[in-house]
Structure formats: C-alpha cells, structure tokens
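Trainee: One structure follows; several queries about it will come next.
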Amino acid sequence: HGGSAPPSWAEFKSIAEKNRGMLSWDRINGPTNSQANLRLFGKLKDEEAPETKVSVVLYRDKHAWCPYCQKVWLWLEEMQVPYRIEKVTMFCYGEKERWYKQKVPSGMLPAMQLDGKVVTESDVILESLEHKFGPLRFGMREPKVVACRKLERMLFRAWCMWLCSPSSVYAGVDKQARALFEEQLRAVEKKIAETNGPFLLEAFSTADVVLAPYIERMNASLFYYKGYRLRDPKRWPGIAGWFDAMEARETYRGTQSDFHTHVHDLPPQMGGCYSNGSQQAQENQRRIDSGPWEAKTGLDHFPDVGYPEPKSAKVEALHRVLKHKDSMLKANPMPKEVADPALRMALARMMRTSDTCTATTTSSTAGGGGERKAGDTNDDAPIPPKGSDKALRYMRDRVNVPRDMSPHAARQLRAALEATAALAGTGQGPSISTQP
C-alpha cells in the first residue's frame, strides 16, 4: 500500500484527548443526549445514590428511532424532570426483551414507570406527567392543544397515504396523494400564521412537542422517496420557520435525527415506503445514500439540519468511533486486517481539515517512517487495502443519528468513509434491511 501508514489508534486517541474540551461530557446534567441512562438536570445533587430517588423511568427504543418515544423524551427534557432511561428493542427490529414483556405484556413503546405505576401510550404518558409535574405551557386537554393534536393526526394520515401506499408509484395516484397532503400542510401553515411567533400557539408548548417527531420524519421521507422539499422557506415559510425555531432549542437538537437515519429506519416501522421514481427523488436518494453531504446554501442544501456545523463536529465523530471501534470492526463483513487500516485512513482524512487537529504524529509502522500531520493525504498517501470499499460503506450506511452522534458529526464521518472507500473501488457493503 505505498506511502505513509495511517495514524495508529493510540495516535488518534492522543488527538481526541487534546481536543476533549470541545465536547460536553456530562450526560446526566448536561445537554440533551441519546447516550444517557440517567438525567438529573443538576437536581438531587445532595442526595446519596440520586438515581434511586428518581420517580420517573422512561422505557424507549435502543436506537432513538421511535417517534412516540421522542415525544415523551422531548417533554421530559423541556420540563427538566429527573428520570432514568431503560432501552428496549422495537418490535419491527427484533425480539422484545423478556424482562420488558413481564413489565409491559403488550411490549408497547414508549412506556413509563411513574411512582411505581406503569403507563403506556405516549399521549396518556404525557397526561400522567402533566398531572404530577404540571403542563408544558399548555396542557394536553386544553382546547387549543387538542385542536393542534387533531391537526397533527390529519397530517400524519395524509403523509401515510402518500408515502406508504404501493399504488403511489403511479403518477396519477402520486399527484392526488400529494395534493391531499398539501391540503393538510396548508392547515398547519395557517395555524402557525395565526400566532406572532414561529410555533403552533403563542409560545412553545406541548403542541410543538406533539408535532415534532412525525413532521421531522415527513421532512426526511418525502425528500428521499418523493423528491419533495417540505422545509422550503419559499413554499412553506411557516413550517420552515418552525423547524428553525425548534433547532434553536438545545433539547430538540439532542433528540433530532438526520435524513440518512430516518429514511432507512422508517420502512420496517411503516410497513414500506414507496418512491415515486421521479428524477428529483432519484437524485435525492443518491445524495442521501452516497453524498456529497456537505452543507451547501440555498435550495441545494440538505434541509434536514438548518443550524451551522459546530467546530466540535469532527472531534465528536472521532471520540465516538474511538469508543465503539471494536464493535464496528467486529460487525464488519470484511476481515479486521482490511477494515481496521481502512477506518484509520478515513479518520485521518476527516481530521486533516480540522482546525483543532494539527498535532504531528510519528508512525513506526512499516512504510510510515517520519513525521506527518494526522490526515495528510498527499500523493504519497496510502491506498486502502483491497475490500476497503465494502468495509467502509458498510460503516457509512450504519452511522446512526442521534444514537451514535449529532447530525453534523455523522455527516463528516460519512463523507470521510465514502471518500476513502472511493479510493478502493465501487464495492458496496450488505444493504440495510427494509423488512420488519
């Protein structure tokens, strides 16, 4: 593989440690994150074993894919109610854990244990939480919130008819289903226009928490399967402004997924998602699956994440890979002697453009001899081992937001994995299953 060998894992660890201060490490009291198993928000500080004093346990899916779980999760984060998290397999992705079936015989997610009592169904859970902790600005049963909840269900039904009907592959049916969906969009647009702010009601409230999970998934799935841009400030200014306002909230950003994750985790949940085969849909599918993912301006920009990339994005991606590299390599369809150096080459490529990662490293690996900056990709850079294309694209396709990392960190990692894979060939890893 001529040229310098990529940095070792020890060298990458050194780079990550030097930039550790760029990230928040307090999963319990810090910003909203999907990795936490306990959230205290700075409360119960003086208690011994505070996790035993928490009266709320949220049972949600392991991968942060469940929209109804996201609804309850976001409410708890906004209200800063201390809670524990237990993660459970979704029905459509595998066998439900036995301990969970004993607690919740139906196996439904989400579920909540509140003062020792188990509650299921997301709306019932929110009402139970309101009864104990008060409403998030406006209560679930208040008429104006009920009206917004009905609006969300009408939009949901229209989306399902368009996305999940096999007959929508026919142009006439597709056009009719789109018109019905846009009719419901206009109702949401009108509702937002009635307020002086960007939210469904006069201030951020439960109504926005209820809308968030599925409109986020509509934004992703329609872009990919129908070539349709929902987050369009010219066509739907109210909805585009609502997304911007939601992303200004640290709580929402911590629960937010990206297009790549949603479009591939939805088919098993929805019983199938059908493309209309339009030229725009095909182009969007290529970009989401294979890139380029970089954030561009205007309508060419992916409308999944509207806020600027933080300087910590690449460092975050590096830290998360370092934490899970052994599992990533073990699950990879290619042998470790192929996948390991290929992954290190991809990380080197990613870090070379980072303002924070200028530390020189010295390689003692054969062919490395001499100093170079981590990530140098000059003409003497190494060629990935044969089979790296399959190994790296397998990883690229399984970076998961927000389970693994934030949207911008995932975008940077996927781009580096794809660019390095392209040096090795056009081979693809095993495809992501779309079957329940």
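The values are calculated or read from the model by the stated rules, or taken from the named source; none is laboratory data. Please read these numbers as outputs of a predicted model, since none were measured by experiment. Here the Cβ is made from the backbone with ideal geometry for all residues, glycine too, and neighbour counts use every protein chain on show. Calculation scope for accessible area: heavy atoms of the full protein, side chains included, ligands and nucleic acids excluded. Shrake-Rupley method; radii C 1.70, N 1.55, O 1.52, S 1.80 Å.
Trainee: Collect the residues in segment 4-55 that are modelled with pLDDT under 90, open to solvent by 20 Å² or more (accessible area, probe 1.4 Å) and under 30 Å from Lys386 (Cβ atoms), keeping them in residue-number order.
Mentor: Ser4
Trainee: Within segment 233-331, which helices (runs of 4 or more DSSP H) (wholly inside it) include 3 or more residues that are open to solvent by 30 Å² or more (accessible area, probe 1.4 Å)? Give the steps one after another, and end with the answer.
Mentor: Working: elements: 237-247, 250-255, 259-270, 279-290, 313-331.
Correct list: 259-270, 279-290, 313-331.
Trainee: Continuing with the same structure: Considering only segment 116-130, state which residues are open to solvent by 50 Å² or more (accessible area, probe 1.4 Å) and either in a strand (DSSP E or B) or touching a Gly at 6+ places or on another chain (Cβ under 7 Å) (or both).
Mentor: Correct list: Lys117, Val118.
This table checks each residue for (1) more than 26 Å from Pro31 (Cα to Cα); (2) among the polar types (S, T, N, Q); (3) part of a loop (DSSP other than H, G, I, E, B).
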{"residue": "Arg84", "(1), (2), (3)": "no, no, no"}
{"residue": "Trp99", "(1), (2), (3)": "yes, no, no"}
{"residue": "Gln102", "(1), (2), (3)": "yes, yes, no"}
{"residue": "Ser106", "(1), (2), (3)": "yes, yes, yes"}
{"residue": "Leu109", "(1), (2), (3)": "no, no, yes"}
{"residue": "Lys132", "(1), (2), (3)": "no, no, no"}
{"residue": "Arg149", "(1), (2), (3)": "yes, no, no"}
{"residue": "Arg153", "(1), (2), (3)": "yes, no, no"}
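Trainee: Another question, then. Here is a list of conditions, (1) farther than 13 Å from Leu343 by Cα; (2) in contact with a Pro (Cβ under 9 Å, 6 or more places away or on another chain), and Asn400 meets all of them except one; can you say which number that is?
Mentor: (2)
Trainee: Additional query: Could you list, in sequence order, all residues of segment 67-96 that are surrounded by 22 or more Cβ atoms within 10 Å (Cβ to Cβ) and under 18 Å from the mean Cα position of the chain (by Cα)?
Mentor: Hits for segment 67-96 are Cys69, Gln70, Lys71, Val72, Trp73, Leu74, Trp75, Glu77, Val88.
Trainee: Also, quick follow-up: May I ask you to verify whether Leu136 is aliphatic (A, V, I, L, M), in a helix (DSSP H, G or I) and at pLDDT 95 or above?
Mentor: no
Trainee: Something else about it: Look through segment 165-194, keep the residues that are modelled with pLDDT under 95 and outside any helix (DSSP H, G or I), and return whichever of them is most open to solvent (accessible area, probe 1.4 Å).
Mentor: Across segment 165-194, the extreme among qualifying residues is Tyr170.
Trainee: Ok, one more. Restricting to segment 422-436, count the residues that are surrounded by 10 or more Cβ atoms within 10 Å (Cβ to Cβ), in contact with a helix residue (DSSP H, G or I) (Cβ under 7 Å, 6 or more places away or on another chain) and at pLDDT 85 or above.
Mentor: Going through segment 422-436 one residue at a time, the tally reaches 6.
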